[in-house]
Amino acid sequence: KKMRYSPAILLLVATLLLLLLCNFIRMTTTEATTTTIRRSLQQQKQQQQQQQQQHQLLRYDRLAHVLQTQGPAISQLLRDSADNYFCPESQEKLWERYPPLDYEACPENATMNAFKFGGGLTNGLKFLLMGALLSIEQGRCFEGGSSTTYQYFQNIGFWHIHPRYQDACRHKTVDRISWEPLWEDLRVRRIESEHYDFTNTTTFGYSHPNPSINGVSLKRDFIRRFWQLRPEYRESTCQSLQRDHHDLIHKDYIAFSVRRGDKVSEGFKFPSMKEYIMAAEPMIRSDPQKMIFVATDDCSVLSELRALRPAWTFESQCDFLSEDTSDETSNQGFVFSDEYHNMNSNQRDIHFRKFFVEIYAMALSQVFIGVSYTNVAWFVYMLRPEGLDKSTFQLLDVEHGYDPLAVW
């Protein structure tokens, strides 16, 4: 007998079939869209990788051309810097060319700046340097040193116990300036595209004859009078470079800066040791005897580098740390408010003596290879002599089209 269905049932069935069809179409479309998006993202990633590789090749080609055409001039600039600033014959010779700043030469009874010395050593020094230049423009004294700056370096500004700073505190004429305005205002940061006139400044006895000096050149000139090791530490640093590293600073060599340590906690992606090797390979190929100095807060990278290239010559301060001093505290970077205060005086001294040798070696290398996410690179770049081509300062973590050296 033929079955009959009511219109309501037929409508329900038709609706269900339509919903199933719509859902099928939606799922098919979504899957196709997802596949298209995934393909597009993969293509973009491949294009970015290709652009980055092309950028690296162009960068290496530029470096090869510079070393070929400017090699002797680069060597001479580095030797002059070594002999006149880093390792002069005497304190008198250093001060004859780079006289120390006179921090008393600032207006009395005027507002005084105060800068907090925080973060790692080079971070603290970077912002003190920027603060000192700002203070010169404002015609103000400043406070901002720490026990570390006074122990290892010639005086930088007033310490907190200085009578003039204490007097300013009593009169409430201290302007406490954080790091943000020093960095966020590009004019105050003193980047490469900004120009300055310090021809008539007298604060701290500092001036510069160029009435339109760019910000980076200004910092490079100023740092030589702002940052000077005390004679004991300068002499031990220079002796180590001569004795332990075969008169390194009078040779042409490559410097690797491998920064890890406390940067692990900050989430940075570290370049692999293979990336360092790839960057140095063209130079070693043309000069197999060229030495590589490795500055690092993670001495385990030395064994990895030597395993990757057994025929290459790697030198490092890590090779001179005894077993009882090569612990994590001595080798790692740190924040002053944290690990620094957990060190005893011997550990601090070992840490800084090693670090000073590394700073000198990186600043005087023919080619520097490192990363941009550490203030050590910033500090070393400012210490390198004026006139070196940017290609001699290679940063492995920099994306195509971005030049951090222009905004440091």
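Of note:
- For region 155-236: rounded, prolate or oblate by the Cα gyration tensor [a/c cutoff 1.5]: oblate
- Share of carbon and sulfur in the accessible area of the chain stands at 53%, probe radius 1.4 Å.
- Gly120 long-range amide H proximity, modeled H, under 5 Å: Phe336
- Under-5 Å amide H pairs with Met291, H placed in peptide plane, nonlocal only: Ile254
- When the Gaussian network model of the chain links Cα atoms closer than 10 Å, the mean-square fluctuations of Lys274, Lys390, Lys172 top out at Lys172.
- Vicinal HN-Hα couplings computed from phi for region 379-391 (Karplus, 6.51 cos²θ - 1.76 cosθ + 1.60; Hz; Gly/Pro x): 5, 5, 4, 6, 7, 5, x, 5, x, 7, 5, 4, 5
- On Cα atoms only, tilt of 215-226 relative to the major axis of the chain in degrees: 40 degrees
- Solvent exposure ordering (accessible area, 1.4 Å, most first) of Ser316, Ser40: Ser40, Ser316
- DSSP loop GluC sites (Glu not before Pro) with at most 13 other Cβ within 10 Å: longest gap in the chain: 109-322
- Within region 17-149, the ratio Rg/Rh, alpha carbon atoms throughout and Rh by Kirkwood, equals 1.36.
- Of Arg39, Arg79, Arg353, the residue with the largest accessible area leads and the full order is Arg39, Arg353, Arg79 (1.4 Å probe).
- Ligands, DNA and RNA excluded, the heavy atoms of Leu133 present near 0 Å² of accessible surface to a 1.4 Å solvent probe.
- The chain: Cys lacking any partner C-beta under 4.7 angstrom: Cys22, Cys169
- Among Met130, Met362, Met27, residue whose mean-square fluctuation peaks in a GNM of the chain (springs only between Cα atoms under 10 Å): Met27
The values are calculated or read from the model by the stated rules, or taken from the named source; none is laboratory data. Worth saying up front: this structure is predicted, and the values here are computed from it rather than measured. Because the Cβ atoms are built from the backbone with ideal geometry, glycine has one as well, and the counts that use them run over all protein chains shown. Heads up: the accessible areas ignore ligands, DNA and RNA and are worked out on the full protein's heavy atoms, side chains in. Shrake-Rupley method; radii C 1.70, N 1.55, O 1.52, S 1.80 Å.
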